[in-house]
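*Asks:* I'd like to ask some things about the structure below.
Taken together, the values in this text are just the output of simple stated rules run on the coordinates, not laboratory data. Keep in mind the model is a prediction, meaning the values are calculated, not measured. Quick reminder, even Gly has a Cβ in these numbers, built from the backbone with ideal geometry, and neighbours come from all protein chains shown.
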Amino acid sequence: MPKPNERKRPTGTLIRNSVGHIIWSRDLDALLGRYPDRAIAQILNCSAMSVARRRYRLKIPAFRPEMNWTGPMLDLLSDIPDREVARLFGISLLAVRAKRYRLGLPQTRFSVPS
């Protein structure tokens, strides 16, 4: 996925009302849920909360990238603590714990020396 500053701006003109609020078009609405709110906000030069509020009003779920777990990554789930797996692969601890839970793997009870 390209970085936010590498994305092309939406087609059409960005229109703001007299107070400076974005007037959302279909093109802008089409971005919601396809990219993180923060990235869309950066492109539109507005707050992430404004984007999230619009997405919520339209009942569009938040962007959630799917993690592609490889065989070696899955092997580590049973070998080292979740926190270490998260650090090694740059993913959240919650994502690691959720994957372990979905696979029915027990939690590791040992810690990594610091």
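*Asks:* Please find the FRET efficiency linking ALA30 to LEU94, where r is the Cβ-Cβ separation and R0 is fixed at 30 Å, and quote it to the nearest 0.05.
*Replies:* Numbers: r = 29 Å, r/R0 = 0.95.
My answer for the efficiency is 0.60.
*Asks:* Rank the residues PHE89, PHE63 as a footprinting-exposure proxy: fewest other Cβ atoms within 10 Å of their Cβ go first.
*Replies:* On the way: PHE89 14, PHE63 17.
By the 10 Å Cβ count, ascending, the order reads PHE89, PHE63.
*Asks:* Can you tell me, using C-alpha contacts under 8 Å and at least 6 residues apart, the relative contact order of the stretch 28-98 as a whole percent? Display every interim value, and only then the final one.
*Replies:* Numbers: 51 pairs, mean separation 16.3, N = 71.
Taking the mean separation of contacting Cα pairs over the length of the stretch 28-98, I get 23 percent.
*Asks:* Here is a follow-up. Could you give the length gained on full extension between GLU66 and MET49, defined as 0.36 nm per residue of separation minus the Cα-Cα distance, in nm? Each step should come with its number before you reach the end.
*Replies:* Values: separation 17, 0.36 × 17 = 6.12 nm, distance 2.30 nm.
Value of the extension gain: 3.8 nm.
*Asks:* I've got another one for you. Can you sort LYS59, LYS99 so the residue with the fewest Cβ neighbours within 10 Å comes first? All intermediate terms of the calculation are to be shown ahead of the outcome.
*Replies:* Working: LYS59 7, LYS99 18.
Ranked by crowding around the Cβ, least crowded first: LYS59, LYS99.
*Asks:* Still on this model: Given 10 Å bins starting at zero, what is the percent of C-alpha pairs of the stretch 66-114 in each, up to the one with the largest pair distance?
*Replies:* 26, 65, 9, 0
*Asks:* Roughly how many nanometres apart are two label points built 7 Å out from the Cα toward the Cβ at ASN17 and TYR56?
*Replies:* 1.8 nm
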